[in-house]
Amino acid sequence: ESLTMSSGWSANDHKGHTNPLSTGVKRSRLDSGNKVAVVLGAQWGDEGKGKVVDLLATESDIVCRCQGGNNAGHTVVVEGTEYDFHLLPSGIINTKCISLIGNGVVIHLPGLFEEIDKNEKKGLKGWEKRLVISDRAHIVFDFHQALDGMQELQRQAQEGKNIGTTKKGIGPTYCCKASRTGLRICDLLADFKEFSTKFKSLAQQYQSMYPLLKVDVEGELKKLKEYAERIRPMVRDGVYFMYDAIHGPPKKILVEGANAALLDIDFGTYPFVTSSNCTVGGVCTGLGIPPAYIGDVYGVSKAYTTRVGIGAFPTEQVNAIGELLQTRGHEVGVTTGRKRRCGWLDLVILRYAHMINGFTAIALTKLDILDVLDEIKVAIAYKLNGKRIPHFPANMEVLQKVDVEYEVFPGWKTDTSAARKWNDLPPKAQNYIRFVENHIGVPIKWVGVGKSRECMIQMF
């Protein structure tokens, strides 16, 4: 057999997707294949991932979403037009780029088409040729969304604490998925009668558990049948699609993370977290790719910290500083419109996010928001009863109680928004950036000083 391919097996094998080891040639793990670059939030979300993805998507061939749903909010400005993405990968505006919604994403079909219609009105064209949807992705139904709202009201009534869900049905759908009652895109596209039966029994199950839940079964089925035909041409087996993308001709593949490290279901500030893994592990499970093919992992962090909704936030500033950051940074949620809580940059959090994700580089955004401050603080450790603790506490009550140890820097008190390269930044701002970089042990590749694409200073 000819072993022309660098992976040590023949081109014919490749086309037939047979076992790569069938030729008996031991191949090293990394000798071939296109690597996947990943952009992840390193704090509590809203770090400006959109900017970084946008920067990288212009030269990507494939942009993927691997987890979450339309609870993500993501604004991209192209030639003065603001596009708003929630479920669509933001590569969809690039005509040379395929956008993949992976198996780990949960899809609310009315939400998807509403988003497409909105963006079509702004000039998005030809998207149906560029969108690929995994047949293993789970479907968010309207009753999942209704339930999400009901449960949030219940939580508020019982404990006076809601989780701060976006009420998009994401949590209930992942719940359904884990309890093996969920329905997937592949079910919707197979025998519709079979699908209807399953849908009806799922709706019934939900109504018996939640008597107040109203489900219009026939109405929703009628809509689903229409959506099925609209998406049919875009649906593919995501595993084979990604395999071919990785092992085919050279391609740039980008994964756009939604949410952020401290909202991860396993590693976040539980229970005030989202319902999926938004750390690097979610990329492998949410697309069906081996860890060996993950290349650069870019962490995105603001030059300060924000958080939406409730939950512990050690460096929060409930004072004039917090208000200044909130107003100067226009800190209001994209998806929810809620005011964000603001505080100093927390390096305990960033180091923790790096331990989990293994960042190869970091983007530090919104540095210009700090331009007017006399002094700037950075959290470098947490203390309990006067003693430094060597880790990020898992328990929320413990995290609420920590004292924060800060490093204090003099402010640079100059406008940085016009800076386009490292040397344009004042020495005190450079000093701040270098400190962050050294403390986390990850190089900072971009520094953001404003809204538009040009405002991302590339360092190397």
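Summary table
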item	result
Residue-count net charge about Glu405 - beta-carbon cut-off 14 Å; Lys, Arg +1, Asp, Glu -1	+2
Separation between Cα centres of the range 180-215 and the range 338-390, rounded to whole Å	44
Only Lys, Arg (+1) and Asp, Glu (-1) charged, at Cβ; the chain dipole about Cα centre in debye	280
Fully extended contour minus Cα-Cα distance, from Val318 to Asp415, at 0.36 nm per residue	32.4 nm
Per residue accessible area in Å² of the chain, where ligands, DNA and RNA are left out and the probe is 1.4 Å	44
Karplus (6.51, -1.76, 1.60) ³J(HN,Hα), θ = phi - 60°, over the range 277-284, in Hz, Gly and Pro reported as x	8, 9, 9, 4, x, x, 5, 5
Accessible-area value, Lys252, 1.4 Å probe, nucleic acids and ligands omitted, Å²	110
Amide H contacts of Ile376 (H built 1.01 Å from N, under 5 Å, at least 5 apart or other chain)	Phe409, Gly411
Rounded to the nearest 10 Å², the accessible area of Tyr352 at probe 1.4 Å	50
Ranked order, Cys64, Cys175 - accessible area, probe 1.4 Å, largest first	Cys175, Cys64
Phe267 accessible area, assembled protein chains, probe 1.4 Å, Å²	80
The chain - Rg over Rh from alpha carbon coordinates, Kirkwood radius	0.98
Sequence-distant residues sharing a close amide H with His108 (under 5 Å, placed H)	Asn70, Val140
Solvent exposure, largest accessible area first (probe 1.4 Å, DNA, RNA and ligands not counted), of Arg230, Arg180	Arg180, Arg230
Cβ charges +1 (Lys, Arg) and -1 (Asp, Glu), total dipole of the range 387-460, debye	180
Solvent exposure, largest accessible area first (probe 1.4 Å, DNA, RNA and ligands not counted), of Arg341, Arg65	Arg341, Arg65
Whole-Hz couplings from phi, Karplus 6.51/-1.76/1.60, listed for the range 79-88; x for Gly and Pro	6, x, 9, 9, 9, 10, 10, 10, 10, 6
The chain - percent of accessible surface contributed by carbon and sulfur, probe 1.4 Å	53
For the chain, calculated [θ]222 nm from helices alone, where every DSSP H run of n ≥ 4 adds -39500 (n - 2.57)	-10000 deg cm²/dmol
Dipole magnitude of the range 138-233, debye to nearest 20 (Cβ charges: Lys/Arg +1, Asp/Glu -1, about Cα centre)	160
Candidate aspartates and glutamates for bridging to Lys121, where Cα separation is under 12 Å - those fewer than 8 sequence places away on the same chain excluded	Glu82, Asp84
Leading residue at positive end of dipole, the chain (Cβ point charges), from Gly171, Gly68, Leu183	Leu183
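The values are calculated or read from the model by the stated rules, or taken from the named source; none is laboratory data. Computed from a predicted structure; not experimentally measured. Note: ideal-geometry Cβ built from the backbone for every residue, glycine included; neighbour counts use all protein chains shown. The accessibility values were calculated without ligands, DNA or RNA, using every heavy atom of the protein model including side chains. Shrake-Rupley method; radii C 1.70, N 1.55, O 1.52, S 1.80 Å.
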